[in-house]
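Just below is one structure, and these are the notes that go with it.
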Amino acid sequence: METKIFQTEEIDQAAELLSRGELVAFPTETVYGLGANALLPESVQQVFAVKGRPSDNPLIVHVADFSMTKAFVESYHPFTKKIVNHFWPGPLTLIFSIKEGSLSPVVTGGLSTAAFRMPDNKKTLSLIEKTGAPLVGPSANTSGKPSPTTAMHVFHDLKGKIAGILDDGATQIGVESTVLDLSNEVPTILRPGAVTKEALEEVLSVEIPLDKHLVKESETPKAPGMKYKHYSPDTPVLMIAPDDWDKALAWARANDQKVGLLATPRIADQYSSADRFVFADQSVEAATRGLFSGLRALDEAGKTDIIFAEVFPEDHLGLAYMNRLKKAAGQNYFSEK
Ligand code: TXA
Ligand code: MG
């Protein structure tokens with residue numbers, strides 16, 4: 001199959017393919033999604049096949065506006081209106097309990113809840129409207145690879161396997177949306193993203209817990225290559241604590257390891273010899289925007305034995321950055337032993 005790259009003037013064609021049941025990847029402010037018509041179970045099934053993703057993992061239903069969720073949602077949490085007014089369109093996915101039979105189990109993984117998001121991308125909102133149906137959209141990468149932040153990343157992973165890609169350049173945020181579970185009394189963050197715990201707490205004036213599994217996943221160091229290694233390039237990744245860069249690079253030299261640096265300008269400027277992907281500036285926003293792109297670039301260069309990545313404090317957006325980096329690194333920090 002030829003994978004066509006669609007520009008803005010061609011959204012109609014892309015929508016036509018989606019309404020016929022073909023797969024078309026779409027841009028969002030976070031990462032590119034692998035789109036299928038959420039109301040066509042056979043198309044949704046194809047999404048899992050194309051990604052090589054286990055089909056028990058439920059998908060996000062992308063809507064063009066809040067009212068589009070009403071056909072599916074059984075009951076809304078009392079905070080819904082406030083949250084939606086503040087954060088939609090945006091990088092925040094909301095989990096609600098749904099009306100029985102309103103969505104295929106292929107979409108929900110057979111759960112009585114489903115995930116909804118209105119992405120902050122005009123082309124994609126128009127694509128959903130023109131398709132006349134919500135779109136499922138996991139990140140448009142091959143399962144196990146870093147999520148795609150450009151149309152070219154999608155093309156690299158999925159060319160020949162999907163009908164098209166709607167191109168809108170590089171994404172602004174760089175990591176997937178925050179997932180907030182609103183199906184229980186206490187709203188809980190299941191995945192950190194650019195709508196931060198602090199921002200949610202500020203708007204709602206209540207404490208928002210992180211899901212226990214998530215906390216465990218991001219805080220407990222795990223053996224290399226174990227269960228929590230996701231979003232991962234083929235080249236091994238090590239996280240480098242702020243004071244360990246000299247030691248880590250000395251270790252690499254002594255062991256004849258070619259290092260790819262993934263770091264802010266301040267760190268990268270000190271170590272001139274290594275292969276590198278330098279974030280645009282010192283901010284955690286720039287690091288988050290560059291994280292997946294940098295992992296891909298260093299991995300594809302094929303010249304590096306190991307990637308050394310800079311860490312950030314785990315609050316605000318740093319929580320999302322570190323959550324993804326820890327998965328890419330299989331939780332491993334450089335240490336002298
Ligand atoms: O930014 C994003 O969210 C991107 C763009 C394309 O929108 N999409 C994305 O989709 O990251 P995906 O499929 O990779 O992530 C969906 C997340 C998964 O962690 C899944 O387990 C969770 O949402 N999820 C979906 N439905 C759920 C449900 N009913 N209950 C709990 N978690 C759910
Ligand atoms: Mg994904």
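Quick look at the values:
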item	result
Complete set of residues in the range 138-150 that are farther than 21 Å from ALA286 by Cβ and out of contact with any Leu (no Cβ under 6 Å at 6 or more places or on another chain)	ASN141, THR142, SER143, GLY144, LYS145
Strands (runs of 3 or more DSSP E) within the range 53-103 that include 3 or more residues of a type in the set (A, V, I, L, M, F, W, C) and more than 16 Å from ligand 2 (Cβ to nearest atom)	92-98
Failed criterion for VAL50 (all others in (1) within 30 Å of LEU317 (Cβ to Cβ); (2) at pLDDT 95 or above; (3) β-branched (Val, Ile, Thr) hold)	(1)
Among residues of the range 290-337, those that are among the polar types (S, T, N, Q) and closer than 25 Å to PRO91 by Cβ, counted	3
All positions within the range 36-47 that are of a type outside the set (S, T, N, Q) and open to solvent by 10 Å² or more (accessible area, probe 1.4 Å)	LEU39, LEU40, PRO41, GLU42
Among (1) open to solvent by 30 Å² or more (accessible area, probe 1.4 Å); (2) at pLDDT below 95 - the single one THR304 does not satisfy	(1)
Evaluation of VAL154 against (1) among the aliphatic types (A, V, I, L, M); (2) within 16 Å of ligand 2 (Cβ to nearest atom); (3) open to solvent by 10 Å² or more (accessible area, probe 1.4 Å) (one fails), failing number	(3)
First in the range 115-129 and closer than 25 Å to ILE189 by Cα, second anywhere and within 16 Å of ligand 2 (Cβ to nearest atom) and among the acidic types (Asp, Glu), Cβ under 9 Å, 6 or more apart	PRO119/GLU29; ASP120/GLU29; ASN121/GLU29
The one condition in (1) within 20 Å of GLU29 (Cα to Cα); (2) away from ligand 2 (no atom under 16 Å from the Cβ); (3) buried (at least 16 other Cβ atoms within 10 Å of the Cβ) that SER139 fails to fulfil	(2)
The range 173-194 residues that are under 18 Å from SER147 (Cβ atoms) and outside the structural domain of TYR321 (by TED's automatic domain parsing), paired with ones that are away from ligand 2 (no atom under 13 Å from the Cβ) and at pLDDT below 95 (beta carbon under 7 Å, 6 or more apart)	LEU190/ASP211; LEU190/LEU214; ARG191/LEU214
Residue tally, condition away from ligand 1 (no atom under 14 Å from the Cβ) and touching a strand residue (DSSP E or B) at 6+ places or on another chain (Cβ under 9 Å), over the range 187-198	2
Members of the range 93-107 found to be within 9 Å of ligand 1 (Cβ to nearest atom) and within 21 Å of THR28 (Cα to Cα), listed by number	THR93, ILE95, VAL107
Matching entry among SER112, SER102 (being open to solvent by less than 40 Å² (accessible area, probe 1.4 Å) and farther than 30 Å from ASP167 by Cα)	SER102
GLY33 being open to solvent by less than 50 Å² (accessible area, probe 1.4 Å) and on the phi > 0 side of the Ramachandran plot	no
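Conditions (1) modelled with pLDDT of 95 or more; (2) small (Gly, Ala, Ser), marked per residue:
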| position | (1), (2) |
| --- | --- |
| LEU200 | yes, no |
| LEU204 | yes, no |
| ILE208 | yes, no |
| LYS212 | no, no |
| ALA223 | no, yes |
| TYR228 | no, no |
| ASP244 | yes, no |
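The values are calculated or read from the model by the stated rules, or taken from the named source; none is laboratory data. None of these values were measured; they are calculated from a predicted model. Using ideal geometry, Cβ is built from the backbone for each residue, glycine included, and neighbour counts are taken over all protein chains shown. In case anyone asks, the SASA skips ligands and DNA or RNA and just uses the protein heavy atoms, side chains included. Shrake-Rupley method; radii C 1.70, N 1.55, O 1.52, S 1.80 Å.
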